[in-house]
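The values are calculated or read from the model by the stated rules, or taken from the named source; none is laboratory data. From a predicted model like this one, the values you see are computed outputs, not experimental measurements. With ideal geometry, Cβ positions are generated from the backbone for all residues, glycine too; neighbour counts draw on all protein chains shown. Note: areas computed on protein heavy atoms with side chains; ligands, DNA, RNA excluded. Shrake-Rupley method; radii C 1.70, N 1.55, O 1.52, S 1.80 Å.
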Protein chains: 2
Amino acid sequence: MPEEQVDGRRRVVIEGVRPEIDCGQFAIKRVVGESVVVEADVFADGHDQVACRVVYWRENSKEVESSPMKFLGNDRWRGEFCVASPEKYRYTVEGWIDRFQSWRSELIKRIAAGQDVEVELLIGAKIIEDAAKQASGEDAKFLRRSINRLREEKDVESKTSVALEPELLDVVARYPDRELVSRYEKHLAVVVDREKARFSTWYEMFPRSCSPDPARHGTFRDCEARLPYVASMGFDVIYLPPIHPIGHTFRKGKNNSISAQPDDVGSPWAIGSEEGGHKSIHPQLGTLEDFRHFVSAAKGHGLEVAIDIAFQCTMDHPYAKQHREWFRTRPDGTIQYAENPPKKYQDILPLDFESPEWHALWDELRGVVLFWLEQGIRIFRVDNPHTKPFSFWEWLIGQVKEQYPDVLFLAEAFTRPHVMYRLAKVGFSQSYTYFAWRNTKDELTDYFNEITNTELREYFRPNLWPNTPDILPEFLQVGGRPAFMIRFILAATLGASYGIYGPAFELCENTPYESGSEEYLNSEKYELKHRDLDAAGSLKDFIARINRIRKENPALQSDRNLRFHGTDNPSLICYSKTTDDLSNIILVVVNLDPSHTQAGWIDLDLNSLGLDADHAFQGHDLLGEGRYLWHGARNYVELTPESLPAHILQMRRWTRTEHDFDYYL
Amino acid sequence: MPEEQVDGRRRVVIEGVRPEIDCGQFAIKRVVGESVVVEADVFADGHDQVACRVVYWRENSKEVESSPMKFLGNDRWRGEFCVASPEKYRYTVEGWIDRFQSWRSELIKRIAAGQDVEVELLIGAKIIEDAAKQASGEDAKFLRRSINRLREEKDVESKTSVALEPELLDVVARYPDRELVSRYEKHLAVVVDREKARFSTWYEMFPRSCSPDPARHGTFRDCEARLPYVASMGFDVIYLPPIHPIGHTFRKGKNNSISAQPDDVGSPWAIGSEEGGHKSIHPQLGTLEDFRHFVSAAKGHGLEVAIDIAFQCTMDHPYAKQHREWFRTRPDGTIQYAENPPKKYQDILPLDFESPEWHALWDELRGVVLFWLEQGIRIFRVDNPHTKPFSFWEWLIGQVKEQYPDVLFLAEAFTRPHVMYRLAKVGFSQSYTYFAWRNTKDELTDYFNEITNTELREYFRPNLWPNTPDILPEFLQVGGRPAFMIRFILAATLGASYGIYGPAFELCENTPYESGSEEYLNSEKYELKHRDLDAAGSLKDFIARINRIRKENPALQSDRNLRFHGTDNPSLICYSKTTDDLSNIILVVVNLDPSHTQAGWIDLDLNSLGLDADHAFQGHDLLGEGRYLWHGARNYVELTPESLPAHILQMRRWTRTEHDFDYYL
């Protein structure tokens, strides 16, 4: 005897549900207003027709909604729903034998074959009756009326025409026999974020370098004066390295030297001193009040402040005294500092997540995040998340998002692919990538296909950085200003989210600490900087222009429709981004060679662009202002790095409106 | 505070475990003696080294065994275990931080950098101590001794040489800290069958046609006389269409005519009469005693009897009278017969699996299978399983295999791919395929790559039939005897399991009922047949030869290492099968054109065959007896369909043994 709880009469099976990450263990990600397209294989034994729908609900709500699925062929079905608010949704698939549709299509065949259908009509009436029992309101009235007409019409012809009314099919379809509906057993999750999770433009800046006086440590007040400059370039997130008290013991000097001079400011990532830890403000920057004032002023300039979460301590951090149990103690009684043998990092104590007191540690670290949330911060850039347990992040982000669904976390991890992807799965909203080290056409194409055209797109949101305080790539070191333009265009158009570490970037600073190193010479990590923001050659206007293009073109605000097109020159890369409805089509062609003019033929996948091979179309270069009339897939391009190493073309289709001056829409 | 049951200190994550079918919902399949190769992504945060192992156990046993996994690169690990008995096994993966290995490799770096390692040695001693606490016997003694030596040796050099002893690494590795071991949460299943599930050679035969007297209905006694003939061709399964009483009401006449003549024998699939149903023997075939005698006689010839399970009834079946609740009743009170509108099959009543009495129905049908198991039958060919619910088969096969782990079920389903694959997932041991309709090189290559080189190989075991009583493919109708040879060679070498419907096949019967039909003219489904088994042109010796080659070459007894090789002629197909250790390499080249001699060049993937491009190798044609000395990947082949349309080459590698007469092994 089969188990009682399983109803053996449920004949429909549902499998191959997509998207589904690791058997539903992890959520997919969307932003408010996006849709979730769900596909599944839905079928039954025998020849009956099946029907199915996507069922979805807000996790914190009891109200379940549904959306019908359409047949794609080969037992595959597709449906979709829209996510309207920043919270967690759940979805699954239901399928059932569509008795009425099965009966109806057989009835049509029987009539065509001239068979007697009297009994069939009685069977149909019974199916409609079963639907009517579940229906209410207008539907119930309509079904009752249909049943009566089926019974009372004089002749079989009239009865069959009632039975075959399209409206009847629609109404009955709304009331499947609930008892025999199969439901996919997993309740798959979608974490819905606000729009900035998908489309964001980051500017990283050391507050202490914002002082107008080269001799003085910058403050949050100085930072406020810098805001119009940052805003004028079109950024919307301003990210600050750690703003907490910096340790003294084993403080690093300029250029990461082991012995600091008395006036050396130390690394902001060496967190904690007698002046406080992760919930404190470095006194030289100002007070908590100053910080809040800065956050509010930034908001006035359309800039949201992101702070750095770096869960590590110096010897001087209050934790090191009050919570020795959160650190590893060596057999000689000393506290274990960070090492990557043979290298030693005496200024950093890693927290010991294998501590027996891990519960209290987790709680405390959550407390740190909650503290800054209470100060109004909603974006956290997390330093080295890959050196803390995945389960910790999953718990922390899950907990925090329940209370603050608009919070975003950016994972700074440059490590093995599985580790980076797992961090995205456990909840990070955005992720650093290998972009900084992908320079050639093949490298860029392979990497961006991997992250935007595979299952990764469902949960891994790239945030592209052409430079960071830790990374001055070789390409920038040797390629000069054109190299900065090339890498900036790639970041800003390949990625809906990107960021730069400024003003080092826009001022094209590119001297490495030594040959073969990616560290900056006289790195801002260890000293104050004073710069001339109006220096000749600054890319600030160029950056502003491209950020304006990003704002004006929704195609550039998502990574889902990125597609590469062929070129016959390995120094030319060509790709497009489009909105789902193809109302906005952006085609980017970049000369990857910072030293030479490069020319060649591009080979467009016209179909993906919704362009017609038989009609001319116009490419309007939003960067260089040129307009190109193209025809067919193959078109010639020539780009000179010193002037403009790229086209960012808005493609306009030919229209037949001859009364209008603009023939291209 | 995180949930108490999760230990946040378990830092290792395990994902991407393969094989895993539908998130572990279904079992993979193996036969006794095969191995299960398990792969997984296993990694942790930070820089510690991880270790992992496959853990496995017989489902009905408490004894858990394990097998270490090896690092493949990119966080991927692989391990394997052997399944020794026909029952269900479970497996999963465990991973942990390898503290000793992490410590040891850092120690080596510290020593190389000339650092003081006194404290490090104390840390190492502590790790060894933790392992020693779990160890017993020799391991415990060894670990204690190592700790003492680590402490008591005079100088650091001696201590480090103790610490770095390879044996110490091995022994400590056996005792990871159990508390911090991560375990993959799914207990994945392997259903282990006896060998015949993988390698079987089927002969289908209508018992009623076995009478030596054309005027008389054949009996099981007659069948016994036929056994030496079938055995001489090298088959090991003899499959009989249903052997139950045949209904009278709406019995079909010759060539499926609607009105039967009084002497018409009816279709064996029209099961049930006043003489009994699915547990009864058709009286004209003999008694249950006769059947058991036949089964035993077949066993004496190395033939295992498979019977047909066709869960459907005629109007005369006892169920139709005693269990009206298992059938659908129409509004006019009549019982619903089978239809595929506008076609009607009045001789067949489908069982209603949506009946409220489905529990009793399932029980009864399981009873039918158990009845025949009690008669000694262990192989069932299931008719039209795709017209009964998947959940029914999953329950039935699961239940039956618990009691009879050596039972095998062959699914006769020719329907949509998802449906066929789902039947394999829910438990069918072997499956019919689309082989009968795959004739060209491209069709065969694509289809066999799909079923043998994807995840399907884990649970879908193809059984290839070039003909069945329902299917006389067009290729056989038009291609004459060479076509039969071609299709037979393909079936017997592409498939470790295949079957023919004889003697129609070996006698090359190929007249269709009408043009465009795949039905046989004067089909044996509706009448008795009498044939001359010694007719000129019979393929019986050819079949015997190929079956002998299959028995002698283990490469042909599995589908896991099937690989296609290039040819420059679309009428030539070339593929190889090998044992895992490459000790047996079979290369098959078939001329797919039954009408013309075809010649061309084949392009071997030498690497997959373990052959050396720099040395000659020999192909010994086991079919035509020729020997070919080849060199390199490209080799010439010419095949004439009338004589032998294929080579079945055993490849022998060059050896350097000059004292031996046979230079090729």
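Among all positions in region A:92-100, there is at least one residue which is more than 9 Å from chain B (Cβ to nearest Cβ), open to solvent by less than 20 Å² (accessible area, probe 1.4 Å), in contact with a Ser or Thr (Cβ under 6 Å, 6 or more places away or on another chain) and closer than 30 Å to B:Leu365 by Cβ.
For region B:591-632, filtering for residues that are outside any strand (DSSP E or B) and either at pLDDT below 95 or within 31 Å of the chain's Cα centre (by Cα) (or both) leaves 21.
Filter region A:109-144 for residues that are polar (S, T, N, Q) and at the interface with chain B (Cβ under 9 Å from one of its Cβ atoms) and give the result.
Looking only at region A:109-144, we keep the residues that are polar (S, T, N, Q), and these are A:115, A:134, A:136.
A:Gln115, the sole residue that qualifies.
Just so you know, in region B:66-87 the residues that are in a loop (DSSP other than H, G, I, E, B) and farther than 21 Å from B:Val190 by Cα include one that is nearest to the other protein chains (Cβ to nearest Cβ), and it is B:Asp75.
Sort out which residues of region A:32-60 are open to solvent by 40 Å² or more (accessible area, probe 1.4 Å), in a loop (DSSP other than H, G, I, E, B) and under 30 Å from A:Lys196 (Cβ atoms), and write them in order of number. Within region A:32-60, A:Val32, A:Gly33, A:Glu59, A:Asn60 meet the criteria.
Out of the residues in region A:403-426 that are away from every other protein chain (no Cβ under 14 Å) and assigned to a strand (DSSP E or B), state the one that is farthest from A:Arg381 (Cα to Cα). Among those that are away from every other protein chain (no Cβ under 14 Å) and assigned to a strand (DSSP E or B), it is A:Leu408. For region A:109-140, a tally of residues being farther than 25 Å from B:Gly333 by Cβ, of a type outside the set (Asp, Glu) and in contact with a helix residue (DSSP H, G or I) (Cβ under 9 Å, 6 or more places away or on another chain) returns 3. I'd like the residue in region A:314-350 that is touching a Phe, Trp or Tyr at 6+ places or on another chain (Cβ under 9 Å) and assigned to a strand (DSSP E or B) and, out of all such residues, is farthest from the other protein chains (Cβ to nearest Cβ). Checking each candidate, the answer is A:Leu349.
Just give me the residues in region B:11-31 being over 21 Å from B:Asp75 (Cα atoms), in a loop (DSSP other than H, G, I, E, B) and within 11 Å of another protein chain (Cβ to nearest Cβ), in sequence order.
Step one: list which residues in region B:11-31 are over 21 Å from B:Asp75 (Cα atoms), which gives B:21-22, B:24-31.
With in a loop (DSSP other than H, G, I, E, B) added as a condition, the list becomes B:25, B:27.
B:Gln25, the sole residue that qualifies.
Being open to solvent by less than 40 Å² (accessible area, probe 1.4 Å) and either farther than 30 Å from A:Ala40 by Cα or touching a strand residue (DSSP E or B) at 6+ places or on another chain (Cβ under 8 Å) (or both) is a condition met by no residue of region A:126-139.
Looking only at residues of region A:352-377 that are outside any helix (DSSP H, G or I) and within 14 Å of another protein chain (Cβ to nearest Cβ), we find that the one that is farthest from A:Gly499 (Cα to Cα) is A:Pro356.
Considered as a group, the residues in region B:255-312 that are of a type in the set (A, V, I, L, M, F, W, C) and part of a strand (DSSP E or B) include one that is surrounded by the most Cβ atoms within 10 Å (Cβ to Cβ), and that residue is B:Ile271.
Within region B:261-280, the set of residues being within 21 Å of B:Asp363 (Cα to Cα) and in contact with a helix residue (DSSP H, G or I) (Cβ under 6 Å, 6 or more places away or on another chain) comprises B:Gly277, B:His278, B:Lys279.
In region B:378-391, the residue that is farthest from the other protein chains (Cβ to nearest Cβ) out of those that are under 23 Å from B:Arg30 (Cα atoms) and buried (at least 20 other Cβ atoms within 10 Å of the Cβ) is B:Ile379. Against the test of being out of contact with any strand residue (DSSP E or B) (no Cβ under 9 Å at 6 or more places or on another chain) and within 13 Å of chain A (Cβ to nearest Cβ), the options B:Gly46, B:Gly8 yield a single qualifying residue, B:Gly8.
Out of the residues in region B:392-402 that are among the charged types (D, E, K, R) and more than 11 Å from chain A (Cβ to nearest Cβ), state the one that is nearest to B:Leu423 (Cα to Cα). In this case the residue turns out to be B:Lys401. With respect to the conditions (1) in contact (Cβ under 8 Å) with a residue 24 or more places away in the chain; (2) of a type in the set (A, V, I, L, M, F, W, C); (3) part of a loop (DSSP other than H, G, I, E, B), A:Ala544 lacks only one, and its number is (3). Within region A:435-453, the set of residues being within 14 Å of chain B (Cβ to nearest Cβ) and outside any helix (DSSP H, G or I) is empty. State whether one or more residues within region B:376-389 are touching an Asp or Glu at 6+ places or on another chain (Cβ under 9 Å), within 27 Å of B:Arg487 (Cβ to Cβ), among the charged types (D, E, K, R) and without any contact (Cβ under 8 Å) to a residue 40 or more places away in the chain. Looking through region B:376-389, none of the residues is touching an Asp or Glu at 6+ places or on another chain (Cβ under 9 Å), within 27 Å of B:Arg487 (Cβ to Cβ), among the charged types (D, E, K, R) and without any contact (Cβ under 8 Å) to a residue 40 or more places away in the chain.
Pairs meeting the criteria (first residue in region B:424-439 and within 11 Å of B:Ile451 (Cβ to Cβ), second residue part of a loop (DSSP other than H, G, I, E, B), beta carbons under 6 Å, at least 6 apart or on different chains) are B:Ala424/B:Tyr459; B:Ala424/B:Phe460; B:Ser431/B:Phe460.
Is it the case that some residue within region B:180-188 is of a type in the set (Val, Ile, Thr) and either touching a residue at least 24 places away in the same chain (Cβ under 8 Å) or under 28 Å from B:Val38 (Cβ atoms) (or both)?
In the first step, residues of region B:180-188 are kept if they are of a type in the set (Val, Ile, Thr); the result is B:181.
After this cut, where a residue has to be either touching a residue at least 24 places away in the same chain (Cβ under 8 Å) or under 28 Å from B:Val38 (Cβ atoms) (or both) as well, the list is B:181.
Yes, region B:180-188 has at least one match.
Being surrounded by 14 or more Cβ atoms within 10 Å (Cβ to Cβ), basic (Lys, Arg) and free of Cβ contacts under 8 Å to residues at least 40 places away in the same chain is a description that does not apply to B:Lys88. The set of residues in region A:194-241 that are under 18 Å from A:Gly499 (Cα atoms) and aromatic (Phe, Trp, Tyr) comprises A:Phe199, A:Trp202, A:Tyr203, A:Phe206, A:Tyr229, A:Phe235, A:Tyr239.
Looking at region B:460-483, can you tell me whether even one residue there is on the phi > 0 side of the Ramachandran plot and either free of Cβ contacts under 8 Å to residues at least 24 places away in the same chain or open to solvent by 10 Å² or more (accessible area, probe 1.4 Å) (or both)?
Checked against the condition, which is being on the phi > 0 side of the Ramachandran plot and either free of Cβ contacts under 8 Å to residues at least 24 places away in the same chain or open to solvent by 10 Å² or more (accessible area, probe 1.4 Å) (or both), region B:460-483 yields at least one hit.
Any idea how many residues of region A:373-414 are under 24 Å from A:Val295 (Cβ atoms) and not polar (S, T, N, Q)? Walk me through how you get there before you give the answer.
If we filter region A:373-414 for residues that are under 24 Å from A:Val295 (Cβ atoms), which is where we start, we get A:373-383, A:385, A:396-397, A:399-412.
Still in the running and not polar (S, T, N, Q): A:373-374, A:376-383, A:385, A:396-397, A:400-402, A:404-412.
Summing the residues that are under 24 Å from A:Val295 (Cβ atoms) and not polar (S, T, N, Q) in region A:373-414 gives 25.
Answer yes if at least one residue in region B:547-557 is assigned to a loop (DSSP other than H, G, I, E, B) and open to solvent by 20 Å² or more (accessible area, probe 1.4 Å), and no otherwise. Checked against the condition, which is being assigned to a loop (DSSP other than H, G, I, E, B) and open to solvent by 20 Å² or more (accessible area, probe 1.4 Å), region B:547-557 yields no hits at all.
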